[in-house]
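Have a look at the structure below before the remarks.
The values are calculated or read from the model by the stated rules, or taken from the named source; none is laboratory data. Computed from a prediction, not measured in an experiment: that's the story for all the values here. Positions of Cβ are backbone-derived with ideal geometry, glycine not excepted, and every protein chain shown enters the neighbour counts. Quick note on the areas: whole protein, heavy atoms, side chains included, nothing else; ligands and nucleic acids left out. Shrake-Rupley method; radii C 1.70, N 1.55, O 1.52, S 1.80 Å.
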Amino acid sequence: MPDATPDTSQKTAAPDLPPVEELLAAAVHALGGSERQGQVAMAKAVQDAIDAREHVAVQAGTGTGKSLAYLVPSIRHAMASEAAVVVSTATIALQRQLVDRDLPRLAEALAAELPHEPTFAILKGRRNYLCRYKLSAAWPEEDEAEQLFDAREVSATGRMVKRIQEWAEDTELGDRDELVPGVNEQAWRQFSVSAKECLGAQKCPSGAECFAELARDRAGQADIVVTNHSLLAIDAMEDFDLLPEHDVVVVDEAHELVDRVTSVVTGELSESTVGFAVRRVGRLIEQAVADRLLEAGEDLKALLAAAPAGRIDDLPEVLGMTLALVRDAAFACITALGPRGERRGAGEDPEQAGIRKAAFTALDEVHDTAQRMLDAFGHDSEVDRADVVWLDEGTGRMPPRLNIAPLSVAGMLRDKLFGSRTVVLTSATLALGGAFDGLARQWGLAAPGDGKKATWQGLDVGSPFDHPRSGILYVAKHLPSPGRDGLSPAYLDEIAELIEAAGGRTLGLFSSMRAAKAATEALRERLSVPLLCQGDDSTMQLVKQFAQDEPTCLFGTLSLWQGVDVPGPSLRLVIIDRIPFPRPDDPLASARQRHVAAKGGNGFMAVAATHAALLLAQGAGRLLRSQSDKGVVAVLDPRLATARYSSFLRASLPPFWETSNPDMVRGALKRLASES
């Protein structure tokens, strides 16, 4: 990991490298594009941040060409410093776009301008790669009590296992994403290990040909390393390095960084996690010691089955006793296992070493999570609380489970990610309410007025789209405020009238799957256009069908708010049923809101309104995906026009022309439909 106070006496860029503006111009020309003002401004801002060793947050609207704007200065820096630049994304789709399209074309375009053709690689977590040793040694035994299949049986999972085995004979990369169609987690787990379970390249008989190690070797030789937010977080927070040495990180889709990091550091405890640890260790220690953990797991199971779901603010005595029993029983098993790894000696059989390491990993998770949950309570004030604990009720085959997550990851990010690197954060949605301060505080960066020196800059390079001429923001001010009992008849009437005016061509974004399904069922018989609902088929297939058949409408929830890219006449209307605040009973959001308020801040604005603004901006951003697109974003929730926080939310949206006149909007949609 780079030193937190790098030597600033040396220049970042070698003097014989062309300026970033020249490199960008050469790349754009070679790729057959045209200069975009926002793209040039962003590339220069990224280069300035690298030179000054400061952080920069850049909001760049759809169509700006932001990938090129950060890749060109990143490649330039990699050439000058002879160190990799890490580019982190939130989605597999963007990873594939960068590695399969953007970087190959850009490397070829810049080859003549640089000392050598830029190189790149993709690096994922170890769980994403096939483990050759586990494949050959069948190590360690998976959850026998939970296996619902035999690989020899004709079953869905059994067929997946067989397909993995056949694929393993030919694959060169061992990357799970090569398997199309994909396989479920139960099948894949038979052939993969986590970083904590891995024996290590030096000890593993298959270490020399390990797919994960080979991927790391390729990344170590590359100028640009593409990874994901989760692996970036793990690399920053662990004592060992997963990514190659680097001093610059580009975080694309930065609006998702906090949620992805929170997910990485969220712990879970249930009968399943305890039972998993028991099965891992059961054959390695005395039965009586393993039975002690098994009994503690049974006590936990009974307690969670009877407890109400939701946030736990004060530790009930019986829960505290049960968590202590689980923790102590896990520690007893860890002690009974004996010395770890190197302390045990080099002569240990690799298969036995693998089984022991897997047992240690499962037991450590149970022990540490139970202790962390006990430590989450007993603080003198709400300000001192660091974590929130909550109970999720069981659904289907999933048992009830206790969860623990940090109330804030700002300090973690400030110390572990921003403290020792230059970080470039970019997305189409960062300036909420017209300012970057809200997200900056969540990232741990000091904002103006915080009393600390800001070490970052915020820049909105705008969008190539003419939003006031291309789009209308319609707020249905005449409708009643949304209630808790689902969509009212007035809302369904409004949706039907808008869709009829648009001739279909509608993406309906709903705050819950329940609302999306209810609207679909109510309107399918009422409308003459095809109506698809998320869950009818794979999301990818539904979006494809929606894009190919112009009159078709598509209704859905969260993944559609951010994952739909349909330019052209197939999408003329985006309907948003209500402001997407987190649910009042959401344990993490409500706890974070209360924590901010206890520290003197506005919890509603910092948490609930920020969450809603992000999703609203992402949802509204589905409308204009190309220069020729036109249409309407219709928000049915009148609070977007009337509530005291409405100006903050509207300032987070693209600058569409605004109206609350339903007749005017329906007329505009009819004119667009007649032009298609």
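Among the GluC sites (Glu not before Pro) in the range 469-543, which ones are in a DSSP loop with at most 12 other Cβ atoms within 10 Å of the Cβ? Mind listing them? Before the final figure, lay out the partial values.
Details: sites: Glu494, Glu497, Glu500, Glu521, Glu525; in loops: Glu525.
Answer by residue number: Glu525.
In straight-distance terms, cross-link reach from Lys670 covers every one of the aspartates and glutamates whose alpha-carbon lies under 14 Å from its own, apart from those fewer than eight places away in the same chain; here that gives Glu497, Glu500.
How about the range 158-215: which GluC sites (Glu not before Pro) there are in a DSSP loop, with at most 10 other Cβ atoms within 10 Å of their Cβ? The qualifying sites are Glu169, Glu172. At an R0 of 35 angstrom, the distance between the Cβ atoms of Arg340 and Glu185 translates into a FRET efficiency of 0.80. Each peptide in 37-44, 528-535 receives the mean, over its residues, of other Cβ atoms within 10 Å, and ordering these scores from highest gives 37-44, 528-535.
Share of carbon and sulfur in the accessible area of the range 560-610 stands at 53%, probe radius 1.4 Å. For the range 467-507, a crude dipole built from +1 on the beta carbon of Lys and Arg and -1 on the beta carbon of Asp and Glu, taken about the Cα centre, is about 260 debye to the nearest 20. In order along the range 426-433, phi translates into HN-Hα couplings of 9, 5, 6, 9, 9, 8, 8, x Hz, rounded to whole numbers, per the Karplus curve 6.51 cos²θ - 1.76 cosθ + 1.60 with θ = phi - 60° and x for Gly and Pro.
For the range 210-345, averaging the sequence separation of C-alpha pairs within contact (under 8 Å, six or more residues apart) and dividing by the residue count gives a relative contact order of 20 percent.
So how much slack lies between Val383 and Ser263, counting 0.36 nm per residue of separation and subtracting their Cα-Cα distance, in nm? Walk me through the intermediate numbers first.
On the way: separation 120, 0.36 × 120 = 43.20 nm, distance 2.23 nm.
Net length gain for the segment: 41.0 nm.
Restrict the search to the range 365-440; then list the GluC sites (Glu not before Pro) that DSSP places in a loop and that have at most 15 other Cβ atoms within 10 Å of their Cβ.
Working: sites: Glu365, Glu382, Glu393; in loops: Glu393.
Answer in residue order: Glu393.
In terms of the mean number of neighbouring beta-carbon atoms within 10 Å, the peptides 224-235, 477-488, 101-112 order highest first as 224-235, 101-112, 477-488.
Counting only heavy atoms of protein chains, what accessible area per residue, in Å², does the chain have with a probe of 1.4 Å? Kindly include the intermediate steps, with their values, before the conclusion.
Working: 30650 Å² over 676 residues.
Roughly 45 Å² per residue, with all protein chains present.
Once ligands and nucleic acids are excluded and a 1.4 Å probe is used, how much of Val278 is accessible, expressed in Å² to the nearest 10? For Val278, the solvent-accessible surface is approximately 20 Å².
Using 0.36 nm per residue of separation minus the Cα-Cα distance, give me the extension gain between His116 and Ala288 in nm, one decimal. Let's see the in-between values first.
Working: separation 172, 0.36 × 172 = 61.92 nm, distance 6.33 nm.
Full-extension gain reported as 55.6 nm.
Taking every DSSP bridge with both residues inside the chain, close to 25 percent are antiparallel. Anisotropy class assigned to the range 199-308 is oblate, per the alpha carbon gyration tensor with a/c at or over the 1.5 cut-off and a/b no larger than b/c.
Going down the table (Lys162/Lys203; Lys134/Lys301; Lys66/Lys544; Lys416/Lys452; Lys44/Lys124; Lys134/Lys162), which pairs top 21 Å between alpha carbons? Pairs exceeding the cut-off: Lys162/Lys203; Lys134/Lys301; Lys66/Lys544; Lys44/Lys124.
Counting only protein heavy atoms and a probe of 1.4 Å, the accessible surface of the range 408-494 is 49% carbon and sulfur.
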